[in-house]
Amino acid sequence: MQADVLIVGGGGAGCSAALHLAKRGVRVVLLERGLVGSQATGVNYGGVRQQGRHPAGIPLARKSREIWSRITELTGADVEFDPCGHLKLARSEAEEAELLRWNALAAEHGLHPRMIGRNAIRERFPHFSDVVIGGSLMEEDGSANPRLLAPALARAARAAGATILEHHAVTELAHDGAAFDVRANGTHFTAPWLLNCAGFWGGAIAARFGEPVPVEKLHPNMLVTEPLPYFLRESLGVVGGDLYLRQIPRGNVIFGGGRGESDAAISVTRPRPEAAFGAMQRAIAVIPRLAHAMVIRSWTGTDGEMPDHFPVLGPSRTTPGLVHAFGFCGEGFQTGPGVGAVLSELVMDGATDVPLEAFDIGRFTAAPGAV
Amino acid sequence: MKVVVVGAGPAGIRAVEQLVRAGVTPTWIEESPDGGGRITQRPPAGFTRSAAALYGADAGRARRLHATLDAMKPRTDWRPDTLVWNIRPQDRVLHTQTDGAAQAEVPYDALILCTGAMDRVLPLPGWTLPGVTTLGGAQVALKAQGVGIGAKPILVGTGPLLWLTALQYAKAGAKPALVLDTTPFLTKAWQAAGMMWNAPTFLRGIGIMAALRLRGVPIAEDATPLAIEGVEGATALHWRDAAWKEHVTPCDAVALGWGLKPESQLADLAGVPFDYDALQHNWVPRRDAAGRAPVAGVYMAGDGAGIGGAEVAELSGARAALALLADAKLPSDAALTAHLDGRLRTEARFRAALERAFPYPAKLAARMEDSTPVCRCEVITAGELRAAAAADAPEMNRAKAFSRIGMGRCQGRLCGTPAAEVLASALGVTVAEVGRLRGQPPVKPIPLQQPAA
Amino acid sequence: MTATRLLDQDRPGLIFTVDGVEVPARQGDTLLTAMLTAGLGHVRTSEFGDGGRAGFCWMGACQDCWVQVAGQGIRRACTTLVQPGLEVIRR
């Protein structure tokens, strides 16, 4: 099968790329090993969060946030996006100082979170314990349902003319100098462009083209409670990131912190009880009323993590037509729609308005002394 | 060698018996305070009914099981009131919670899962009303608590438990207002020959039906339950008879049950693959005839490994323990092994006939009204599930992701079977093709507040 | 709904409370039995606006009878035995 662009990986980035490209009339084929949105995009916390990101990542997050604001119109589906605000909590004066430091940086990038002091936070959030001494509220941040995003993008991409092939695991990859030849599920696919959106497994694709990178597996440890009376609109985080927590309007509290694990022998990922207990303890420390709730389910999945916590996003240094977009280090749900737009711009316009220097794969493969 | 047996029903009791006989001291974990299983469950202290009064024709078997249970407890590391809520097979560790709170990690070299079964249900409009229970629930109420779910209940479903429960209620003084069997008489009659593989059980079933008729209990076969009516609780059943005439029968409670489904969440978490058993109409964990799972060190027995009934549970429990012992090069009784293999083969023929005689009414499930809640935990309707199918959910876990079916406290235990029928029908594929809901820990809810270590 | 005491009910009586109201029960009753035979009708309220729930399976499987018990946290009514003075709060 011949295409203009092949995409490997049906997460948020890949599906968004397929949609953006198809809307510009490109013949695009997306190959997904399982079902779209089964890995990092589908199992994460669902945070649509700019707050707390490294300044180098803010332009991409802002571009993506702009797409999120029209995600319903873009996908024709309700992915439960709610700009409910992201409240990052400080549990010590050092953490409060960290919030202030980031807020000053963010202002230079056009983001304007608001500090909430000890008394104000007590008044506005009576469910918090005394452990919380302050917080920073990013009002335009929020959350969405991670289970719905990739399927919605894929559905819209299909409607726009993209070919989305699920249960198509890539078994061979080659480039003859002009075009890629990809074999998946017994079929050959050829195209001059290949977008590597394969999450953790993106590392193997990069290595295949002579660009090995030190990508590791990241398994977010997620939990959900039974439905509780609705008491919390904002999505919560803490300085240090060892707890994130939100309540959906149906009442369930979704929270995470720490890492799950994978079992290579039977190819599954599992949440880890030790991590779960830690997150449960920290959740109760912040919101004592959760002591009277039950955890009804836990889960994890696989994302890719880079040692410097930046993704690999941008053109290959070895292979013309190859563009990488993987290793989003647990922050790819928010950026997924934006990454897809960036990829479509790189293919169609040869440039994008988002600075990608920090994400260049060359930082691992070209620089002397790189890993 | 660290051996753990999970469950102290008939399968667990007989497994432990063989292990102890071979000189192994297993850790024995049971979720309830006592053990004994569902069919032969003992009431709490203070109840005085005799075994004959409690278990009827099963009294002898119950007495023998309880004697073994009591004899084995002190010869094992007995852990009652203990839920196994997670397994880490790669490290061979179980995570347990005792008495609703205290956490422990229990390592194992070999594990026998005897996790039992529960009723298989068919959601009806009104099935979440107070006063509606499972058939098993109606029976447990009577046996373990001496109470009826109502004074004039209606029992709905199919299978031996429907008839047995009806007679038990009639004898206890709560004569059922109706016994509604969705299976036509002829379907059952056709399987009579096959059921002679266990003649005593079959003849007992015939006797129960006759006794109910003698007592004047209204019986409807080949009938269709349409809705449970009521506001604060169930007050009537709206149903249709075999001639398509509709009725509204008043009642004060309704019990529902269409056979059993394995409680196999732990096998799932242990990494055991599942196969669809078209005859049983259930997904069952894969095991060989002796109970070995394809996952090293994991064995399964009893209804949790595929529905066979209480007698088969005893046989398969002993058989799985013998398999474990043989695999570990420990002394095991070869003659008993051969005897059990023969008995299990015969019982399998009986079971096959029984499943054909009392089929799950898959078509009723598939045709469920859009407004009927399939998932009672999260109140997700058949219509919402069909919308998920329309939004391109080709299998159950994707349907769960889209619709929240099976995401509630029970984790799809109840809705899994009927939801698969609704989804398969909406997609125009077989129920095997839509798969099953994956197990996720915790197997049952655990409190956020953990006791200080 | 009201569950009906039929057999084996010659057991010592006791009093516990549900939502602060005294309720009679018998030793050996589960919370579910005690609450439903006392005519309380339901043991919890569905979070999704479809009324009261009174358990379903009576054997710890359906997870539809969780109640709050003072000093013990959240408990399944069908698998928890009643004790004199126990304080149950319906959720």
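The values are calculated or read from the model by the stated rules, or taken from the named source; none is laboratory data. Model, not experiment: these values are computed from the prediction. All Cβ positions, even for glycine, are placed from backbone atoms using ideal geometry, and neighbour counts span all protein chains on display.
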Residues of the stretch B:299-322 being small (Gly, Ala, Ser), part of a helix (DSSP H, G or I) and surrounded by fewer than 24 Cβ atoms within 10 Å (Cβ to Cβ), which ones?
B:Ala310
Among the candidates B:Arg413, B:Arg376, B:Arg404, B:Arg436, residue that is in contact with a strand residue (DSSP E or B) (Cβ under 6 Å, 6 or more places away or on another chain) and within 14 Å of chain C (Cβ to nearest Cβ)
B:Arg404
Among the residues of the stretch C:37-59, count how many are within 7 Å of chain B (Cβ to nearest Cβ), surrounded by fewer than 18 Cβ atoms within 10 Å (Cβ to Cβ) and without any contact (Cβ under 8 Å) to a residue 24 or more places away in the chain.
2
When residues of the stretch A:292-317 are limited to those that are within 9 Å of chain B (Cβ to nearest Cβ) and in a strand (DSSP E or B), the one nearest to the chain's Cα centre (by Cα)
A:Trp299
Among (1) among the charged types (D, E, K, R); (2) in contact with a helix residue (DSSP H, G or I) (Cβ under 6 Å, 6 or more places away or on another chain); (3) within 25 Å of A:Ala291 (Cα to Cα), A:Arg147 falls short only on (3)
Looking at B:Val379, B:Val374, B:Val429, which is the one that is in contact with a Cys (Cβ under 6 Å, 6 or more places away or on another chain) and over 28 Å from A:Thr269 (Cα atoms)?
B:Val374
Candidate set from the stretch C:65-75 (those that are closer than 23 Å to B:Gly150 by Cβ and surrounded by fewer than 24 Cβ atoms within 10 Å (Cβ to Cβ)); member that is farthest from the other protein chains (Cβ to nearest Cβ):
C:Val67
From the option list A:Arg289, A:Arg282, single residue qualifying as within 14 Å of chain B (Cβ to nearest Cβ), surrounded by fewer than 22 Cβ atoms within 10 Å (Cβ to Cβ), more than 30 Å from A:Phe209 (Cβ to Cβ) and touching a His at 6+ places or on another chain (Cβ under 6 Å) is A:Arg289
Being in a loop (DSSP other than H, G, I, E, B) and without any contact (Cβ under 8 Å) to a residue 40 or more places away in the chain is the filter here; which residues of the stretch B:245-289 pass it?
B:Lys245, B:Val272, B:Pro273, B:Arg286, B:Arg287, B:Asp288
Of the residues A:Gly237, A:Gly202, only one is within 16 Å of the chain's Cα centre (by Cα) and in the same structural domain as A:Glu95 (by TED's automatic domain parsing); which?
A:Gly237
Only one of B:Leu423, B:Leu344, B:Leu385 is away from chain C (no Cβ under 14 Å) and more than 25 Å from A:Arg147 (Cα to Cα). Can you tell me which?
B:Leu344
Does B:Asp370 qualify as being farther than 25 Å from C:Asp64 by Cα and either in a strand (DSSP E or B) or among the acidic types (Asp, Glu) (or both)?
no
Identify all residues within the stretch B:286-321 that are more than 17 Å from the chain's Cα centre (by Cα), among the aliphatic types (A, V, I, L, M) and closer than 13 Å to B:Val5 by Cα; write none if there are none.
B:Val298, B:Ala318, B:Ala320, B:Ala321
For the subset of the stretch B:238-279 comprising residues that are surrounded by fewer than 16 Cβ atoms within 10 Å (Cβ to Cβ), out of contact with any Pro (no Cβ under 9 Å at 6 or more places or on another chain) and among the acidic types (Asp, Glu), which member is farthest from B:Leu113 (Cα to Cα)?
B:Glu246
So which residues in the stretch B:5-41 are outside any loop (DSSP other than H, G, I, E, B) and surrounded by fewer than 24 Cβ atoms within 10 Å (Cβ to Cβ)?
B:Glu17, B:Val20, B:Arg21, B:Thr27
